1. Restricting attention to region 6-18, does a residue exist that is assigned to a helix (DSSP H, G or I), in the same structural domain as residue 271 (by TED's automatic domain parsing) and surrounded by fewer than 19 Cβ atoms within 10 Å (Cβ to Cβ)?
2. Is there a residue in region 327-349 that is in contact (Cβ under 8 Å) with a residue 40 or more places away in the chain, in a loop (DSSP other than H, G, I, E, B) and under 22 Å from the mean Cα position of the chain (by Cα)?
3. If you go through region 194-211 one residue at a time, how many are exposed (fewer than 15 other Cβ atoms within 10 Å of the Cβ) and within 23 Å of the chain's Cα centre (by Cα)?
4. Among residues belonging to region 52-65 that are in contact with a helix residue (DSSP H, G or I) (Cβ under 6 Å, 6 or more places away or on another chain) and not in a helix (DSSP H, G or I), point out the one that is nearest to residue 18 (Cα to Cα).
5. I'd like to check something: does region 250-260 contain any residue that is over 25 Å from the mean Cα position of the chain (by Cα), outside the structural domain of residue 17 (by TED's automatic domain parsing) and either closer than 15 Å to residue 177 by Cα or surrounded by fewer than 24 Cβ atoms within 10 Å (Cβ to Cβ) (or both)?
6. For residue 7, indicate whether it is over 26 Å from residue 322 (Cβ atoms), in contact with a strand residue (DSSP E or B) (Cβ under 6 Å, 6 or more places away or on another chain) and at pLDDT below 95.
7. Report yes if some residue within region 220-234 is in a helix (DSSP H, G or I) and either out of contact with any strand residue (DSSP E or B) (no Cβ under 7 Å at 6 or more places or on another chain) or in the same structural domain as residue 133 (by TED's automatic domain parsing) (or both); otherwise report no.
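The values are calculated or read from the model by the stated rules, or taken from the named source; none is laboratory data. Just so it is clear, the structure is predicted and the values come from calculations on it, not from any experiment. Virtual Cβ from ideal backbone geometry, glycine too; neighbours counted across all protein chains shown.
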């Protein structure tokens, strides 16, 4: 790996994908110049933790993925509070909002996503928020200091944690979920029901199959006419990839920027990773994907040939003070065998799902011991010949087989 001359690598965005892209670059080339553009005035931090801190003092430093010194040690120039506006493909330059330009040998798009807020009437009323940044968290906490009621729209992991944090601030909290149960992609019916019980035991008013229609000064109106109180409204209704810069380069875009196994876009010297990237029809949206894709994009932008291998989606969360783990296919069905171990008194639920003798999914609720082994088994498609459908063991025996495999 000799010294690299000429224009360097420009990373657009500074989150987990960008941090790992820098790691990938330096594993391949220790000399190529690297410039990272951060729209926010902060170094990369853990966004999922923001919801835990609502109502408390929020510090970007306490949430930081890496300290500023880490970037310096890797000889990366980090431009905080500077936004990429466009990429000129012919000139191989990245233009910034301050009018300056950066020449690039390669570009890595790690520009992430932004909150999606449904186009309802009344969004222009006071104290309507989404949560994506440190500044958002501070604004929400400030608004809640003088409020008595909060309505959280969307009961994904972030919405659940936001509701939990705000309920501990002696606020009346309403949680709206348009689905018929909680975390339906991660949990099965039984685990969703247990989670709903925890939500309600925390004093949070849960509204399932709730379709928002309009906002009014004191809350939000549902499609059926019911009015839910909310001096503060927090939307946690998903995210959408940030596509303005990719569009400026004329890249091929579907839901996200389409990439191949090398994380290359339709313009081969431009790469994409994390929330902005779409690989084989799927937009990541979770940190393990951003981490893995960022590393591959960095290696290859620096001249490598590493391939990204998609893995079954897995989640490890702290929701409502309860540890949750989910990986792979977790729903019951005629073609799979589910092995369940449940302790309702302790609110502990464990489940493994087999397709034939292959482990294809698992849920751990309340106690996530063994999650690493289960994740590995699902990702590697581990087969357990002794666990054929006609002789399925109990959960403990099956987990022991996975550990020994």
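1. Going residue by residue through region 6-18, those that are assigned to a helix (DSSP H, G or I) are 16-18.
Adding the requirement that they be in the same structural domain as residue 271 (by TED's automatic domain parsing) leaves 16-18.
Filter once more, keeping what is surrounded by fewer than 19 Cβ atoms within 10 Å (Cβ to Cβ): none.
Scanning region 6-18 turns up no residue that is assigned to a helix (DSSP H, G or I), in the same structural domain as residue 271 (by TED's automatic domain parsing) and surrounded by fewer than 19 Cβ atoms within 10 Å (Cβ to Cβ).
2. Scanning region 327-349 turns up at least one residue that is in contact (Cβ under 8 Å) with a residue 40 or more places away in the chain, in a loop (DSSP other than H, G, I, E, B) and under 22 Å from the mean Cα position of the chain (by Cα).
3. Final tally of qualifying residues: 0.
4. 65
5. no
6. Working: over 26 Å from residue 322 (Cβ atoms): yes; in contact with a strand residue (DSSP E or B) (Cβ under 6 Å, 6 or more places away or on another chain): yes; at pLDDT below 95: yes.
Considered against the rule, which asks whether it is over 26 Å from residue 322 (Cβ atoms), in contact with a strand residue (DSSP E or B) (Cβ under 6 Å, 6 or more places away or on another chain) and at pLDDT below 95, residue 7 comes out as yes.
7. Going through region 220-234, the residues in a helix (DSSP H, G or I) turn out to be none.
No; the residues of region 220-234 include none that is in a helix (DSSP H, G or I) and either out of contact with any strand residue (DSSP E or B) (no Cβ under 7 Å at 6 or more places or on another chain) or in the same structural domain as residue 133 (by TED's automatic domain parsing) (or both).
Listed here are the residues, each with its yes/no results for (1) surrounded by fewer than 20 Cβ atoms within 10 Å (Cβ to Cβ); (2) assigned to a strand (DSSP E or B); (3) in the same structural domain as residue 246 (by TED's automatic domain parsing); (4) in contact with a strand residue (DSSP E or B) (Cβ under 7 Å, 6 or more places away or on another chain).
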site: 41; (1), (2), (3), (4): yes, no, yes, yes
site: 50; (1), (2), (3), (4): no, no, yes, no
site: 71; (1), (2), (3), (4): yes, no, yes, yes
site: 79; (1), (2), (3), (4): yes, yes, yes, yes
site: 85; (1), (2), (3), (4): yes, yes, yes, yes
